[in-house]
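What follows draws every value from the coordinates through simple rules; no lab data is involved. Remember, it's a predicted structure, so these values are computed and weren't measured experimentally. Here the Cβ is made from the backbone with ideal geometry for all residues, glycine too, and neighbour counts use every protein chain on show.
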Amino acid sequence: MGIRFGLFADLHSSLPGQPERGSSLRTAEDLKKALGRFRDAGCSFAVSLGDNTQPSSTAAEQFEQMRSLAESWNGYGFPVHLVPGNHEFQQLTPDEIRAITGRGRLYYDFRIGDVRFVVLDTAYRPDGVHYSRDNFDWRFSVVPEEETAWLKALLADPVRTFVFAHCNLFFAPGEAEAAWYQVGNHREIRAVLEGSGCVEAVFQGHEHVFRSLETGGIRYVTVPSPERDPEYRESTFPVVEILDEGFSYNGERL
């Protein structure tokens, strides 16, 4: 098969932003190295799994920082897809994120050959209202009804599929944080994915640490945050290769 793509999650970059909530002054520079690595590895695209920046002094400054960061992703010879995280909406609105991404909707799918890739938007409150300008609690999110219906209809076509999300669709069972990091309707969404019989893996962010778990025949991979490392590491900017059967993650089968 040979389709390759790069992943990164939870940069929490301060550009310069405000030095709060765990911001990093280094991760945006690390990303430049990673994008070069993705290019050299022959990646067809890359995916940001969300939470790219920290709060700025004003919403206008935050918009410009996020716009500039997304613009810096260009020039490597492949598109970079943005999965909405919760930090994107601490100061910005969904309309502003759409303006930055150039997309009319923040959840969508795309195909390369016979493989389908699905970008989900998990930045919704339990009441179905989209996150916007800190009107949310990061611990509580859902995939709303409209998006769930879209996903179900999309997966009715049984094409080999890989999914990207920020908030987790599956978290280590029994851990206290599971109620915070998983979307509130995670069982419903997993049932949709499993029922399709065509979803092989979900790549997610939000937790900042690496996990690789399997349930219902689907592999759930949490991509770690480079914000926790004192220096650039390839392990926090993985390259995934879709194989004829399964996939590899930084050269290893999961």
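Structure notes:
- Residues whose amide H falls under 5 Å from that of Thr122, counting only those 5 or more places apart or on a different chain, are His166, Cys167, with hydrogens built in the peptide plane.
- At R0 = 51 Å, FRET efficiency that the Cβ-Cβ distance of Thr148 and Glu231 yields, to 0.05: 0.80
- Phi-derived couplings, Karplus 6.51 cos²θ - 1.76 cosθ + 1.60 at θ = phi - 60°, listed residue by residue for region 34-45: 5, 5, x, 5, 4, 4, 5, 7, x, 5, 7, 6 Hz, with x used for Gly and Pro.
- Highest mean packing comes first when the peptides 226-238, 122-134, 86-98 are listed by Cβ atoms within 10 Å, giving 86-98, 122-134, 226-238.
- With each label modelled as a point 7 angstrom along the Cα→C-beta vector, the Lys33-Ala179 pair spans 4.0 nm.
- Here the Karplus relation 6.51 cos²θ - 1.76 cosθ + 1.60, evaluated at θ = phi - 60°, turns the backbone of region 126-136 into coupling constants of x, 7, x, 7, 5, 4, 6, 6, 6, 9, 9 Hz, with x for every Gly and Pro.
- Per-pair calculated FRET efficiency, R0 = 35 Å: Ser57 and Arg111 via Cβ, rounded to 0.05: 0.30
- Beta bridges assigned by DSSP with both partners in region 90-239 are antiparallel in approximately 45 percent of cases.
- Under 5 Å between amide hydrogens, built in the peptide plane, is the criterion, and for Asn86 it picks out Asp51 among residues at least 5 positions away or on other chains.
- Here is how the number arises for the chain: DSSP H runs of 4 or more residues each give -39500 (n - 2.57), the sum is divided by the residue count, and the result at 222 nm is -7000 deg cm²/dmol.
- The phi-based Karplus calculation (6.51 cos²θ - 1.76 cosθ + 1.60; θ = phi - 60°) puts the 3J(HN,Hα) values of region 148-164 at 4, 5, 4, 4, 4, 5, 4, 6, 5, 8, x, 9, 3, 9, 10, 10, 10 Hz, whole numbers, x for Gly and Pro.
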